[in-house]
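Chemist: Here's a structure for you.
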Amino acid sequence: TQVILPQADISNGIIQANLYLPDAQKGYYRGARFDWAGVISALNYKGHSYFGQWFEKYSPTVHDAITGPVDAFYPVGFDEAKAGEQFLKIGIGMLVKQQEPKYSIATPYEIANTGKWKVKKKSNRVIFTHKLEANGYGYKYTKTVELIKGKPDLKLSSKLKNTGTRPIESNVYNHNFFVMDQVTTGPDYVVTFPFPVTGELTTGKDLGKLVGNQLVYVKPLVKGNTVFSPGLVGFGSEAKDYDIRLENQKTGAAVRITGDQPLLKMVFWSAYKTVCPEPYIAINVKPGESQKWNINYEFYINNVKK
């Protein structure tokens with residue numbers, strides 16, 4: 001029997017998108033790494049597609065079997081927890097620590113408490129609310145995925161309210177799993193930053209390079225290849241540096257990503273079928289307080305190289 005995945009379609013008449021909805025039993029993604037809210041399986045603008053499956057094997061609990069511009073929060077309370085005790089991952093719940101000394105993104109931690117999800121769907125947006133109370137931690141996390149009326153824009157609006165007795169200190173990055181028109185990664189793609197970008201590519205030095213304010217590819221990637229930097233540098237302490245353009249010069253599909261918070265870190269990763277600038281911001285919410293942040297995606301068509 002075919003399992004029907006909880007999902008929602010939204011449109012503003014300019015962009016059409018499909019979202020997978022959080023569900024501890026039937027959800028498309030039930031992994032322990034990424035926030036369950038806002039998994040976008042497909043987004044189309046002017047005949048161009050921007051997201052889709054980039055990985056080969058799918059299972060709902062594999063840490064990176066996920067699509068779209070998804071967020072991942074750094075765990076809270078992991079270091080203090082002993083093996084068998086619980087730590088917090090915002091947007092997922094309370095996870096059980098294993099014997100390992102260090103947190104690993106790939107470990108399929110058992111999720112002991114998935115909290116409570118509420119999903120409200122409108123024609124052009126979906127509002128996700130996640131509530132959790134455990135071990136002195138408590139929060140209400142609201143994330144709205146909205147296609148802005150009259151604009152080729154997708155906006156992710158997040159708010160984290162600390163309803164517990166312990167502070168929530170973390171960081172969050174958006175992984176931006178772009179798959180543009182199914183074009184595989186290589187010289188057709190250019191990533192542009194608003195600052196002269198430096199830093200080291202620790203993987204794929206022969207495949208990509210940093211030139212001025214751009215990351216360019218010198219060779220096409222093949223299956224198994226990655227280009228990775230644990231931290232590109234050159235950005236300052238203001239939110240204006242959270243401004244990244246990704247352009248596919250073969251099909252013209254392009255996007256500009258802007259955030260309203262200063263960058264904490266700028267990781268970059270790409271594989272055969274996906275290009276992923278990963279901007280990090282800091283999260284620090286005392287009990288009774290809230291933090292808000294927004295990310296905007298402006299889709300456009302770039303002039304195609306002849």
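The values are calculated or read from the model by the stated rules, or taken from the named source; none is laboratory data. The shown structure was predicted, so the numbers you read here are calculated from the model rather than taken from an experiment. Backbone-built Cβ (ideal geometry, glycine too); neighbour counts: all protein chains shown. The area values use the complete protein model at the heavy-atom level, side chains included, leaving out ligands, DNA and RNA. Shrake-Rupley method; radii C 1.70, N 1.55, O 1.52, S 1.80 Å.
Chemist: For residues that are part of a loop (DSSP other than H, G, I, E, B), of a type in the set (Gly, Ala, Ser) and open to solvent by 10 Å² or more (accessible area, probe 1.4 Å), scanning just the stretch 146-187, find the one that is farthest from Glu80 (Cα to Cα). Full working, then the answer.
Modeler: Quick first cut of the stretch 146-187, residues part of a loop (DSSP other than H, G, I, E, B) only: 148-152, 163-167, 175-176, 179-187.
Keeping just the survivors that are of a type in the set (Gly, Ala, Ser) gives 150, 164, 186.
Filter once more, so that each one left must be open to solvent by 10 Å² or more (accessible area, probe 1.4 Å): 150, 164.
Working: Gly150: 48, Gly164: 17 Å.
Top of the filtered list is Gly150.
Chemist: May I ask you to list the residues in the stretch 188-223 that are β-branched (Val, Ile, Thr), part of a strand (DSSP E or B) and within 14 Å of Phe268 (Cα to Cα)?
Modeler: So in the stretch 188-223, the residues β-branched (Val, Ile, Thr) come out as 190-192, 197-198, 202-203, 211, 216, 218, 222.
Pick out the ones that are also part of a strand (DSSP E or B) and you get 190-192, 198, 203, 211, 216.
Matches in the stretch 188-223: Val190, Val191, Thr192, Thr198, Thr203, Val216.
Chemist: Of Ser170, Ser237, which residue is modelled with pLDDT of 95 or more and under 19 Å from the mean Cα position of the chain (by Cα)? Walk me through how you get there before you give the answer.
Modeler: Details: Ser237 fails: under 19 Å from the mean Cα position of the chain (by Cα).
The conditions single out Ser170.
Chemist: Consider Ile295 carefully, then state whether it is farther than 14 Å from Phe193 by Cβ, buried (at least 21 other Cβ atoms within 10 Å of the Cβ) and in contact with a strand residue (DSSP E or B) (Cβ under 9 Å, 6 or more places away or on another chain).
Modeler: Working: farther than 14 Å from Phe193 by Cβ: yes; buried (at least 21 other Cβ atoms within 10 Å of the Cβ): yes; in contact with a strand residue (DSSP E or B) (Cβ under 9 Å, 6 or more places away or on another chain): yes.
In short, yes.
Chemist: Counting just the residues of the stretch 65-81 that are among the charged types (D, E, K, R) and without any contact (Cβ under 8 Å) to a residue 40 or more places away in the chain, which one comes out surrounded by the fewest Cβ atoms within 10 Å (Cβ to Cβ)?
Modeler: So the first thing to find is which residues in the stretch 65-81 are among the charged types (D, E, K, R), and the list is 71, 79-80.
Now narrow it down to the ones that are without any contact (Cβ under 8 Å) to a residue 40 or more places away in the chain: 79-80.
On the way: Asp79: 11, Glu80: 9.
Checked the stretch 65-81; the qualifying residue surrounded by the fewest Cβ atoms within 10 Å (Cβ to Cβ) is Glu80.
Chemist: When the stretch 256-276 is examined, which residues are found to be part of a strand (DSSP E or B), of a type in the set (A, V, I, L, M) and in contact with an Asp or Glu (Cβ under 7 Å, 6 or more places away or on another chain)? Can you show your working first?
Modeler: Just the residues of the stretch 256-276 that are part of a strand (DSSP E or B), to begin with: 256-259, 265-271, 274-276.
Adding the requirement that they be of a type in the set (A, V, I, L, M) leaves 257, 266-267, 271, 275.
If the condition is that a residue be part of a strand (DSSP E or B), of a type in the set (A, V, I, L, M) and in contact with an Asp or Glu (Cβ under 7 Å, 6 or more places away or on another chain), then Val267 is the only one that fits.
Chemist: Sticking with this structure for a sec: Give me the pairs: first residue in the stretch 248-267 and closer than 12 Å to Ile281 by Cβ and open to solvent by less than 40 Å² (accessible area, probe 1.4 Å), second residue assigned to a loop (DSSP other than H, G, I, E, B) and not aliphatic (A, V, I, L, M), beta-carbon distance under 6 Å, and six or more apart or on different chains, which are they?
Modeler: Between residues of the stretch 248-267 that are closer than 12 Å to Ile281 by Cβ and open to solvent by less than 40 Å² (accessible area, probe 1.4 Å) and residues that are assigned to a loop (DSSP other than H, G, I, E, B) and not aliphatic (A, V, I, L, M), the close pairs are Gly259/Tyr242; Leu263/Phe235; Leu263/Tyr242.
Chemist: If I filter the stretch 82-104 down to residues being on the phi > 0 side of the Ramachandran plot and under 20 Å from the mean Cα position of the chain (by Cα), which single residue comes out as surrounded by the fewest Cβ atoms within 10 Å (Cβ to Cβ)?
Modeler: Taking the stretch 82-104 first, the residues on the phi > 0 side of the Ramachandran plot are 84, 91, 93.
When the remaining residues are screened for being under 20 Å from the mean Cα position of the chain (by Cα), the result is 91, 93.
Numbers: Gly91: 25, Gly93: 21.
The residue in question is Gly93.
Chemist: Let me ask another. Scan the stretch 13-32 residue by residue and report those that are farther than 29 Å from Ala106 by Cβ and either open to solvent by 30 Å² or more (accessible area, probe 1.4 Å) or of a type in the set (Lys, Arg) (or both).
Modeler: From the stretch 13-32, those farther than 29 Å from Ala106 by Cβ are 13-16; that's our starting set.
Gly13, Ile14, Gln16, listed by residue number.
Chemist: Which of the following residues is open to solvent by less than 10 Å² (accessible area, probe 1.4 Å), closer than 23 Å to Ser158 by Cα and either not basic (Lys, Arg) or not in a loop (DSSP other than H, G, I, E, B) (or both): Pro287, Pro279? First the steps, then the outcome.
Modeler: Values: Pro287 fails: open to solvent by less than 10 Å² (accessible area, probe 1.4 Å).
Pro279 is the lone residue from the list that is open to solvent by less than 10 Å² (accessible area, probe 1.4 Å), closer than 23 Å to Ser158 by Cα and either not basic (Lys, Arg) or not in a loop (DSSP other than H, G, I, E, B) (or both).
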